[in-house]
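Report on the structure given below.
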Amino acid sequence: MAQIMKVRIPFGAGLLLAGILLLGGVASAQNVKGIINGRTGATMSLQTQDSGNVVVVLTDNTQVEEVEGLFRSRSKQMNMTALIPGLPVSVSGSYNAQNQLVADTVKFKGSDLQHAEDIQAGLAPTEQAVQANKQQIQQNTQQIQQSEQQLQAQRQALAQQEAQLQAEQQKIAANKAAIAADNKRFGELADYNILGEVTVYFGNGQVAIEAQYKPQLLQLAQKATTITAYVIQVKGYASAVGSAALNQRLSTERATNVLEFLEQQGNIPLTNVLAPGAMGTSRQVAPDSTAEGQAENRRVVVRILQNKGIAGT
């Protein structure tokens, strides 16, 4: 009868083999860093330095976190709506059969999110600074006319103000160029078709949605669900009446209320929504010198977007 040979594996070698098997089991886990340059339905496109363009799949199990602290030791849970074009993120997950990175966690810094939102808000802060400098120049000119003895000093001050104005104008030009580049890089409206739009107007200082606009929003939400890989864009605005801080808050609350209505009543998933843009008093559509113009500027614009690559246009 043939004898059965028993092979003994040394204890240390067994631990080494178990470690190799354990490492092989988690080899599929990936961590990718890059900048969001587009959102299409429940996926987003990530521009990385080493791997080029990476498609990231967002699911109901994806955790979105804003990290804080010097060593990023603290984190805060965020909605997927915070994942907007232009935001640097770190994505952890694994690749599926389509070579798409299925995200388990998406992390970013709060300062990076603020910078990305500021890009969407436009040039209002810089333009306000330029206007303030223009008013200061006018005051200095009046002082020159009041006293001949101070003429030379006032001329020097005026020259300094003009230099500051030129510097501010250069900043505006640089910001415009940067925004144009970001729009091209991060996939703004130039890369999308607008397939539906509703504008909701608000009373002075009001943030609640009036009843007359709710059926329009529900119809827009129903239309969106028939469109392949749609994305909902929500942007809130305010008139220039009151302080800049108040108007920024009003535009934020208006956009957030409309988004919550679309999510809760229109059944729009957050994976298909860009972060509600708080545009403040930027991009006014009418003069704020009249009550009618102010009413037109107190608005939230909701759009259905579809990537032109999906539409074939």
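The values are calculated or read from the model by the stated rules, or taken from the named source; none is laboratory data. These figures come from a predicted structure and were not determined experimentally. Note that we place each Cβ from the backbone using ideal geometry, even for glycine, and neighbour counts take in every protein chain shown.
Counting the residues of region 56-107 that are over 18 Å from N37 (Cα atoms) and of a type in the set (A, V, I, L, M, F, W, C) gives 5. Within region 146-174, residues that are closer than 18 Å to Q135 by Cα and not assigned by TED's automatic domain parsing to the domain that holds Q135 reach no partner that is at pLDDT below 80 and assigned to a helix (DSSP H, G or I) with beta carbons closer than 7 Å at six or more positions or on different chains. A single entry from Y237, Y230 fulfils the requirement of being farther than 26 Å from N61 by Cβ and buried (at least 18 other Cβ atoms within 10 Å of the Cβ): Y237. The strands (runs of 3 or more DSSP E) falling completely within region 42-91 that include 3 or more residues that are closer than 17 Å to A229 by Cβ map to 43-47, 53-57. Across region 241-252, which residue is farthest from G266 (Cα to Cα) among those that are surrounded by 18 or more Cβ atoms within 10 Å (Cβ to Cβ) and out of contact with any strand residue (DSSP E or B) (no Cβ under 7 Å at 6 or more places or on another chain)? Per the stated criteria, the residue is N247.
Residue-by-condition table, conditions (1) in contact with a Phe, Trp or Tyr (Cβ under 7 Å, 6 or more places away or on another chain); (2) in contact (Cβ under 8 Å) with a residue 12 or more places away in the chain:
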| site | (1), (2) |
| --- | --- |
| A238 | no, yes |
| N257 | no, yes |
| E260 | no, no |
| I268 | no, yes |
| N272 | yes, yes |
| P276 | no, yes |
| M279 | yes, yes |
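For region 273-281, check the following and say yes or no: at least one residue is over 21 Å from I194 (Cα atoms) and within 20 Å of the chain's Cα centre (by Cα). Yes - at least one qualifying residue is present in region 273-281. Exactly one residue out of T48, T43 is surrounded by fewer than 20 Cβ atoms within 10 Å (Cβ to Cβ), within 15 Å of A275 (Cα to Cα) and among the β-branched types (V, I, T), and it is T43.
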